[in-house]
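Notes follow once the structure below has been shown.
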Amino acid sequence: MDYVLKTFDLSKKFKNRLVLDRVNMSIKRGEIYGFVGENGSGKTTVIRLVSGLINPNGGSIELFGVKDTDPKILDQRKKMGAVVETPSIYLNMTAVDNLKMQYDILGLKNPDKITEVLEEVGLSYLVNDNKQAGNFSLGMRQRLGIAMALLSDPEFLILDEPMNGLDPTGIVEIRELILKLNREKNMTFLISSHILTELSLVATTYGIISRGRLIKEVSASELQRECERSVYLQADDNARLYEVLLARFGDNVKVDGVGVRVYGNLDLNEVLACAMQNCKLITVDNSRFGIEEYYLSIMGGVRNA
């Protein structure tokens, strides 16, 4: 398997406060990895560690198969682009001048690249515009920040809360840009957000983090399955209930809290008949488990643990 990023028990403390606790995450080449968690969950800390902006107190990072203890990790980080927290742009400079500054810092040799990246992010109309970045909309600043990250032709692009504060039009523009770069360049993404519903429109894989711990990694197809129509049941003997439903409905049956959930567009009467032949039912809930409900159920489980 070709992995762009892997972390191993990655941990970080600030002033003796543990903010990341043994995070193990994996991102395959070509994936759009949606990194979701509440504000303060540790998303940006992971991103800063991966980007080399801070050092871990424990664990390690592997980029493109190279460990962070290997001096060659610096070459691997050159394959990355990142917009961490807010775009690092000079508000008193034009879009082109901002890009020229970054171009010089990176020591690039292709001056046409500035025009190319502005075209890629939908800001080509700013090539000969003297408007300063301080007068840009938030969406324009986000796209300019991404353009700066694209100057070095990264294989792996990290975006920290790229939709934060944008109006609906700006959100759509950033979303379409991510999908375009992934589709046309097979670019791998790590995108953090606290809004799972927004990530669900682009992500192929999700990592859910809370209180510094990576709770779950799940593919988009697995998440879709979790959000299928389902029947939740509780009985006087939930262990027995699980056994009989598993025997009848197989992998559609999962333990859910103290009860059992059966997924899929199944005949409710068939499910109930199977259950009631063997157990006394206490609770039955026939519902569709939405993405937000799924996320909140996981977060609720973490907080009650």
Sort out for me the helices (runs of 4 or more DSSP H) sitting completely within segment 156-255 that have 3 or more residues that are more than 21 Å from M140 (Cβ to Cβ) and open to solvent by 10 Å² or more (accessible area, probe 1.4 Å).
-> 168-185, 220-226, 238-249
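Okay, residues lined up against (1) closer than 20 Å to G207 by Cα; (2) in contact with a strand residue (DSSP E or B) (Cβ under 7 Å, 6 or more places away or on another chain):
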{"residue": "V36", "(1), (2)": "yes, yes"}
{"residue": "I47", "(1), (2)": "yes, yes"}
{"residue": "V50", "(1), (2)": "yes, yes"}
{"residue": "I61", "(1), (2)": "yes, yes"}
{"residue": "L91", "(1), (2)": "no, yes"}
{"residue": "M101", "(1), (2)": "no, no"}
{"residue": "E120", "(1), (2)": "no, no"}
{"residue": "L138", "(1), (2)": "no, no"}
{"residue": "R141", "(1), (2)": "no, no"}
Any chance V271 is in contact with a helix residue (DSSP H, G or I) (Cβ under 6 Å, 6 or more places away or on another chain), over 30 Å from D21 (Cα atoms) and without any contact (Cβ under 8 Å) to a residue 60 or more places away in the chain | no
Members of segment 115-147 found to be of a type in the set (A, V, I, L, M, F, W, C), part of a helix (DSSP H, G or I) and open to solvent by 20 Å² or more (accessible area, probe 1.4 Å), listed by number = L138, M140
Please go through segment 87-96 and pick out each residue that is assigned to a loop (DSSP other than H, G, I, E, B), surrounded by 15 or more Cβ atoms within 10 Å (Cβ to Cβ) and not β-branched (V, I, T).
-> P87, M93
Being more than 11 Å from the chain's Cα centre (by Cα) and under 14 Å from L214 (Cβ atoms), is that true of even one residue in segment 32-39?
-> yes
Lone unmet requirement of (1) free of Cβ contacts under 8 Å to residues at least 24 places away in the same chain; (2) under 28 Å from T204 (Cα atoms); (3) not β-branched (V, I, T) for Y125 = (2)
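The values are calculated or read from the model by the stated rules, or taken from the named source; none is laboratory data. It should be emphasised that the depicted structure is a prediction, and the values quoted were computed from it without experimental measurement. So basically every Cβ, Gly included, is an ideal-geometry build from the backbone, and we count neighbours across all protein chains shown. Please note that ligands, DNA and RNA were not included when accessible areas were found on the heavy atoms of the full protein model with its side chains. Shrake-Rupley method; radii C 1.70, N 1.55, O 1.52, S 1.80 Å.
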